[in-house]
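Here, each number is a calculation from the coordinates, and none is a lab measurement. Predicted model only: the values in this text are computed from it and were never measured. A quick note on method: Cβ atoms are made from the backbone with ideal geometry, for glycine too, and the neighbour counts reach across all protein chains shown.
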Amino acid sequence: ETLRFAKEAGSTFNGVLCGRATWKNGVKPFVEAGETAACDWLKTEGRENIESLNEVIAATASSWHAKVQVNEG
């Protein structure tokens, strides 16, 4: 929701850093049930988190090419 609000407010950004908000819920399965549970979490909720984030970024972020000129050669 924050990214959509930023876009509506006229902010231009090129992406996000994936931190605690994306992965923090994966710690508990690992601590309580081990590696297999953590892998299961990554394949389900973890994947959903990243897919949702990718959808929002695709709808709101701006290409960095609009801000940076790259000279080849």
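Considering only C-alpha atoms, what is the centroid distance from segment 48-73 to segment 2-40, in Å?
17
Ordered by packing density, taken as the mean number of other Cβ atoms within 10 Å over each peptide's residues, highest first, how do 46-59, 9-22 rank? Mind showing how you got there, number by number?
Working: 46-59: 12.4, 9-22: 10.6.
Per-residue mean Cβ counts within 10 Å order the peptides as 46-59, 9-22.
List the lysines whose Cα lies under 21 Å from the Cα of LYS43, skipping any in the same chain that are fewer than 8 positions away.
Output for LYS43: LYS24, LYS28.
Given that compact globular proteins tend to follow 2.2 N^0.38 Å, what is the ratio of the alpha-carbon Rg of the chain to that value?
Working: Rg = 16.7 Å, N = 73, 2.2 N^0.38 = 11.2 Å.
Cα Rg divided by the expected 2.2 N^0.38 Å: 1.48.
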